[in-house]
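K.L.:
Okay, here's the structure, questions in a sec.
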Amino acid sequence: MADANSDNSDDIDQVVINSQSALVENPWQDLIADFRRFASASSHRSGVIGLLANCLDYGFMAIAIYRFGRWCRMISPRWLSISPKFIYQLLRVFSNLILGIELSTASRIGPGFYIGHWGGIVVGADCELGSGCSVGQGVTIGYKGAGKSTRGPVIGNNVYVGVSAVVVGEIRVGHGVVIGANTTVVKDVPDNYRVVSAAVRMDPIAAKPS
C-alpha cells in the first residue's frame, strides 16, 4: 500500500513539473491574461471607467510591475537592460512599500494571475505558480526559512490561496487545489484537494463571581 501511495505522489509531482515546464513565458501576453482575470472578476465595471479602474487596481499594478521586471531579465545584450532595470527597481519599491505586495522576479508566475485584495502579500524567489492562480491578502509563498529548504514551492494551475495562508518549503501543490484562510502548507498536496486549518474551538467564558 505504501508503494502505491509513493508511485501516485511521484506521478503528481511529474504532472506539476511538466505543466510548469510547458509554460512558454511571454510577459506581455501573460499581462493581458492577467488583465482579463481582473476584468472578469469585476464585470460590473464597463467602458472607459471600468478599464481605468482595473488598470489602477492595486493587485493588477503589482502584477504589471512584476511582468515588467521579468521582461527586463530577458533583455539581451545585458547592457541594454540597465535603464529598464533601474526603472523596475523604482517601481519595485513602490509595489513593496505602497501597495504592500512583493512579487520576486526570481519566481515564475503563470498567466492569468489574480490578487483579490492587496496588502501583506509575498511571493518569494524560486517559486513557481501555474496559470490561473489566485491569492488573497496576507499570503506568503516562499522558502521555509532557517536553511530548511533550497527553493520555494511549485504550485500547479488554477490554485486558490486564501487570506493569510502560508505555503512554504520545497513542496508541490497540484492543480485545482484550494487552500483555506490562515492555513499553513508545508507538505505536498495532490490535485483537486481542499486544504484547511483546524476548526476554531469555542468555549464559554466563565462567569465572574459576584
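K.L.:
Give, in nm to one decimal, the length gained when the segment between Ile32 and Ser81 is fully stretched (0.36 nm per residue of separation minus the Cα-Cα distance).
P.N.:
15.4 nm
K.L.:
Contact order normalised by length for the chain, with contacts defined as Cα pairs under 8 Å and 6 or more residues apart; what percent is it?
P.N.:
Relative contact order for the chain comes out at 14 percent.
K.L.:
On average, how much accessible surface per residue is there in the chain, in Å², for a 1.4 Å probe, leaving out ligands, DNA and RNA?
P.N.:
57
K.L.:
Please report, as a whole percent, how much of the solvent-accessible surface of the chain comes from carbon and sulfur atoms (probe radius 1.4 Å).
P.N.:
Answer for the chain: carbon and sulfur cover 58 percent of the accessible area.
K.L.:
Something else about it: Packing-wise, with mean Cβ within 10 Å as the measure, how do 50-57, 169-176 rank, highest first?
P.N.:
For the peptides 50-57, 169-176, the packing ranking is 169-176, 50-57.
K.L.:
Given only helices, namely DSSP H runs of n ≥ 4 each adding -39500 (n - 2.57), what is the per-residue ellipticity at 222 nm of the chain, to the nearest 500 deg cm²/dmol?
P.N.:
So the calculated ellipticity at 222 nm is -11500 deg cm²/dmol.
K.L.:
Calculate how steeply helix 58-74 sits against the longest principal axis of the alpha-carbon atoms of the chain, using the helix alpha-carbon long axis, and give the answer as 0 to 90 degrees to the nearest 10.
P.N.:
Around 60 degrees separate the two axes.
K.L.:
Next question. Where does the charge balance sit around Ser95 when Lys and Arg score +1, Asp and Glu -1, over other residues with C-beta under 12 Å from its C-beta?
P.N.:
+1
K.L.:
Okay, next question. Just to be sure I understand, if you calculate Cα extents along the principal axes in Å for this structure, which of (i) 98, 70, 28; (ii) 68, 57, 36; (iii) 71, 51, 37 do you get?
P.N.:
Calculated Cα extents along the principal axes in Å: the matching label is (ii).
The values are calculated or read from the model by the stated rules, or taken from the named source; none is laboratory data. All of these numbers come straight from a predicted model, not from anything done at the bench. Please note: Cβ atoms are built from the backbone with ideal geometry, for glycine as well, and neighbour counts cover all protein chains shown. Just the protein is used for accessible areas: all its heavy atoms, side chains included, with ligands, DNA and RNA removed. Shrake-Rupley method; radii C 1.70, N 1.55, O 1.52, S 1.80 Å.
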